[in-house]
């Protein structure tokens, strides 16, 4: 489950990731993860996700600058500067009920632009996007499915319809 990055920003970030030589760039559209790849059993998770969406209000995201998880994880990302707490609440709600999961690392909303590639390419995208700035409204989140061809595809959108705090 993720917040897809809308256009034109999604295409911009996809192009930057592709320019690094990251082989995952063509397979994974730009997004903010709410729940990482998870094998899902026969339970009806869409019902759960619909309930979550009804409790969470739309919100705004501000992406600004870059960050990295190095040396813990070889990742460079565009940072979420505003909308962090909203992402945290939404991710926590998604990871409840039939999707309750333990996290390997604390949740940190971000948009990956390089993962497990040469250090020089990671450094270059970190510098190239240091001044990146984008703002957009989030009115839904999306369930993605991993295809046999390796592509992650949006399967269903869940409109946020909760009332603001």
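Bear in mind that the values in this text are calculations on the coordinates, not laboratory data. Note that this is a predicted model, so its numbers are computed, not measured. As a convention, Cβ positions derive from the backbone with ideal geometry for all residues, glycine included, and neighbour counts pool all protein chains shown.
Assorted remarks:
- With R₀ set to 35 Å, the beta-carbon distance separating residue 12 from residue 156 gives a calculated FRET efficiency near 0.90.
- Gyration tensor (alpha-carbon) shape descriptor, region 1-73, a/c threshold 1.5: prolate
- Each of the peptides 88-95, 33-40, 1-8 was scored by the mean count of other Cβ atoms within 10 Å over its residues; in descending order, highest first, they stand as 88-95, 1-8, 33-40.
- Answer label, with Kirkwood radius over Cα pairs in Å calculated from the coordinates and candidates (1) 17.5; (2) 15.3; (3) 16.4: (3)
- Helix 84-94 vs. the chain, principal-axis angle (Cα, 0 to 90°, nearest 10): 50 degrees
- Proxy reagent accessibility, fewest Cβ within 10 Å first, across 160, 99: 99, 160
- The chain: calculated mean residue ellipticity at 222 nm from DSSP helix runs of at least 4, using -39500 (n - 2.57): -8000 deg cm²/dmol
- Gyration tensor (Cα) of region 32-113, equivalent ellipsoid semi-axes in angstrom: 25, 17, 9
- Stretching the chain fully between residue 120 and residue 46 yields a gain of 22.5 nm (0.36 nm per residue, less the alpha carbon separation).
- Percent RCO, i.e. relative contact order, over region 2-159, from Cα pairs under 8 Å lying at least 6 residues apart: 32 percent
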